[in-house]
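Take a look at the structure set out below.
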Amino acid sequence: MPKKGKGGKNKRRGKNIDPEHNKRELVFKEDGQEYAQVTRMLGNGRLEAYCFDGQKRQCHIRGQMKRRVWINTDDIILIGLRDYQDEKADVIMKYTPDEVRSLKEYKEIPDSIKVDDTEEDMNGEIVFQRMGNNEESDSSSSDDIKNI
């Protein structure tokens, strides 16, 4: 008997994937490559990145990475420098937060770089903050409770 369920083969294809199995080998920079942090997205497959050699460069996202790897602001990326244009570069790969921590341990990137771990730290929790004056909100909320 065939399996029940809606959807195609793509639904079943990723069913038993173990997240620990997706660990990849750490890639270090080679000659003609540099580590960089994304400062802003420009659109059309381009971004502006601050390289750790002290220069800002406009980078182009390769076609293989488009629609497969999502790059956001403050991500750490590996770029390939161009021989003929020093102010432009090509994105080779994006590092995960775990890989960035490993690069810091190996002293490949500066320790001052902040790793954005909001997904791991929050664990699905929502934090609410009170807005406005504390005195006014406390007295009005206690009055509302008494009136009910």
Item to complete: State whether one or more residues within segment 110-121 are modelled with pLDDT of 90 or more, among the β-branched types (V, I, T) and either in a helix (DSSP H, G or I) or surrounded by 10 or more Cβ atoms within 10 Å (Cβ to Cβ) (or both).
Response: no
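If you go through segment 40-87, how many residues are among the polar types (S, T, N, Q) and either touching an Asp or Glu at 6+ places or on another chain (Cβ under 9 Å) or within 23 Å of K104 (Cβ to Cβ) (or both)?
Of all residues in segment 40-87, those among the polar types (S, T, N, Q) come to 44, 55, 58, 64, 72-73, 85.
Cutting the leftovers down to either touching an Asp or Glu at 6+ places or on another chain (Cβ under 9 Å) or within 23 Å of K104 (Cβ to Cβ) (or both) gives us 55, 58, 72-73.
Of the residues in that region, 4 qualify.
The values are calculated or read from the model by the stated rules, or taken from the named source; none is laboratory data. Predicted, not measured: the structure shown is a model, and the values here were computed from it. In this analysis, Cβ positions are derived from the backbone assuming ideal geometry, glycine residues included, and neighbour counts consider all displayed protein chains.
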